[in-house]
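One structure is given here, and the rest of the page talks about it.
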Amino acid sequence: MADNILFTADPVELLDTLREFSFLQPYNLAVFSEREGLIAFRGEKNRMCGTFGENWLCLEGCDKNYKQEIDRAVSERKARIFNCSSGLLNFVLPFQDREQHIHYLLAGGIRDQATDLEHLETIIRDRQINGIYFLEQWEQLPSTTRLAVKDVIDNIYGVLPLIGDNNYYARVYERTVDLINTISDLGPEIDRAETVDDVIQLLSETLTVLFNIPRIAILYPQGNKRQLILKGLLGLDNGAAIRLGAKSSGALMQRKGERSLVLRGKQLKNLFPYLDAEHLSCLPLLVDNKLIGFLALFDHELSQRDLMIIELLCSRIAGKLLRLRRRRNREQENQRSRQLLDMVSRLAQLENSQHFYQGLVEMATDLLDAGKGSLMLLDDRREKLAIVASIGMNRQLARNMKLLKGQGIAGRVMITGSPMLVHDIEQDQRVSIDKRPRFATQSFLCLPFRSENEIIGVLNLSDKNNGSAFTVADLKTVEPLLEHAGSLVRRAGTLERASLLEELSSCDSLTGLHNRRFLDQRLDEELNRSSRQKLEFSVLLLDIDHFKNYNDHCGHLAGDKALKKLSHLLRRSAREMDSVTRFGGEEFCILLPETGREPARMVAERIRHGIEREPFYQEEVLPGGRLTISIGISSYPADGDSAEALLEAADRALYQAKDNGRNRIQLFEPTLRQQRIVFI
């Protein structure tokens, strides 16, 4: 029984030996036999359950309760944890002696931390006992949890085979007790560890000190858990990660249920061909049949007794690692939630549809660490899917790629409305095609993209940067982003149309240049920016010389063509950062950010000279035989600190240029403020 554990020592000696271990000292212990009943007892008589059914708190049904749990433990061939009618935690552990007789180790008298006050009040009321005395006695009992009791049982399973007739060599026995006590005492320190690295460091130090093991490593599964990574802890290029081949990983994973695996010589070389090692003891880190990884101990012969003791340590370590993993998963989930909120917020700020779609693909690939991604939308006729945004693809290929609804994987997802997660493109029967050259990995993800409950396209993701396959967790991660993005699609289109209307309202219909409304807005923006950053900027005010005469001689249609041509020349002469606007009639204004007086004068002269050299229709009718311009210049902050002041200064400089003979430029001077110039 008890996992086929055979115990050969006297039951009394068993209890005396077990009492030496610190993890059992809080418990009352007893050994029962099918033939003899209670054989031995160790504990405190004044405890509520001091003699298991022989104290003032126990009821007649207690014996029956214990017998039921013992019978179940024997039939199930494993230990049982149970609460007695008083709410105390107990456990029964069956084992055999060398004559195949069944015995039971019964432990109890420990307060269950999960017991609530309502249960205690029920006991006091039903048994009509002194509540104050009862609660005082209850609080004096040591307390524990079911999880901690499970650890105690694991420790006992490790201890029982180590205790034999005649103490099985006194020194070995003493060392065993010391080792197990040391490992048991490590429990609080393991619990205090905050990170996986802290736990692994504690494990490495413990194995080095207690067993003098020279080379230690951890093997942990990665991605879809079909491949193992070896990370050296001691004597093996510490910290370096080595990826095991599929064959080696599979060989270990198949034997993860074994308590320990010992390899030597050729077997070891086949598993770890790149390691210079002669001996390996490999122990799984398991918690409730969940594999956390393997502990690999190289080049140190360990007795079965030592291996069993290390198994106890592995059990505690694995439990802690699992709790840390769950905590990390919760933290990552919270981080993803915050990341998702940030992404949705950034998407909501994108008013241009193309920027919106590209932003969505970039965010989806970032979220899943994918190397490639594309968004395909239905065309206006709702017949074909076309790529509107992509990452990691040739742009020309992306522009030319179109699929009919139902064609290919994306077309199928478009029709069915169900996402397709493919782990291996060569093995998945839904796909059943050879690995395509454009896929770096064999896994991809294709999801429908909905807006207002209507499928409008699909999102494709492939080639995880770490080479692993996409998972259901990845699917669950990216789906909320698509859902939120779908609700923003119509909004982005509306904002884009509104932006277009606003742009049209700020443009001059004849020349296509921005109008006075836009200029006022840009002047305010540039004033604020230049004030904050201590920058200069300049304003050029231009006027076509003798333009009224040109209109009178050539007609207004020719005048309009001249205005259009001049607008084109001004736009071509300006920098990308400059703002060219039609100020009114034949007047134009150019805003030059981060440009002082002298650089502005040079820009103005280049523009003036360029217009002078450009031929215009019937310009010979004008004085001088050419169409020319005059330019007035003002600069911030020297000539004004407001839009009104700067425009007025540029206007006065312009009229001074005209007064000086036209076809010239004029910088604003303070003396011009005193002049009032009128032209006829």
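Please treat every number below as a calculation from the coordinates, not as lab data. Quick caveat: nothing in here was measured; it's all calculated off a predicted structure. Glycine gets a Cβ as well: all are built from the backbone with ideal geometry, and neighbour counts include every protein chain shown.
Side notes on the structure shown:
- Full-stretch length increase - Arg575, Ser337 - with 0.36 nm per residue and alpha-carbon distance subtracted: 81.4 nm
- Kirkwood estimate for segment 516-674, i.e. one over the average of 1/r between Cα atoms, Å: 15.8
- FRET efficiency estimate (nearest 0.05) - Cβ-Cβ, Glu205 to Glu278, R0 30 angstrom: 0.80
- Separation between Cα centres of segment 98-150 and segment 289-312, rounded to whole Å: 35
- Simple spin-label estimate for Lys64 and Ala638 in nanometres, 7 Å along Cα-Cβ: 10.7
- Efficiency of FRET between Arg606 and Lys564 - r from beta-carbon atoms, R0 30 angstrom, step 0.05: 0.90
- Highest to lowest packing among 187-194, 27-34, scored as the average C-beta count within 10 Å: 27-34, 187-194
- Over 27 Å (Cα to Cα) - which of Lys150/Lys266; Lys78/Lys269; Lys266/Lys290; Lys405/Lys476; Lys534/Lys564 fall in this group: Lys150/Lys266; Lys78/Lys269; Lys266/Lys290; Lys534/Lys564
- J(HN,Hα) series, segment 584-601, from Karplus relation 6.51 cos²θ - 1.76 cosθ + 1.60, nearest Hz, glycine and proline x: x, x, 9, 9, 10, 10, 10, 9, 10, x, 6, 10, x, 4, 5, x, 5, 4
- Among 645-653, 530-538, 510-518, the order from most to least packed when residues are scored by Cβ within 10 Å on average: 645-653, 510-518, 530-538
- Added length on full extension, which subtracts the Cα-Cα distance from 0.36 nm per residue, Ala348 to Asp185: 53.2 nm
- For the listed peptides 134-141, 661-668, 297-304, a ranking on the average number of other beta carbons within 10 Å per residue, highest first, reads 661-668, 297-304, 134-141.
- Stretchable slack from Lys78 to Arg35, in nm (0.36 nm times residue separation minus alpha-carbon distance): 13.5 nm
- The GluC sites (Glu not before Pro) found in segment 563-615 that occupy coil by DSSP, while having at most 16 further C-beta atoms within 10 Å, are Glu576, Glu594.
- Under 5 Å between amide hydrogens, built in the peptide plane, is the criterion, and for Lys405 it picks out Leu385 among residues at least 5 positions away or on other chains.
- Relative contact order (%) - segment 510-608, alpha-carbon pairs under 8 angstrom, separation at least six: 42
- Label-point gap, in nm, between Asp71 and Arg175 - each point 7 angstrom along Cα→Cβ: 4.6
- Averaging Cα coordinates gives a centre for segment 193-216 and one for segment 553-600; these two points are 76 Å apart.
- Taking Lys564, Lys476 and counting other C-beta atoms within 10 Å, the order from fewest to most: Lys476, Lys564
- Modelled FRET efficiency - R0 45 Å, Lys384 with Asn329, Cβ distances, 0.05 increments: 0.65
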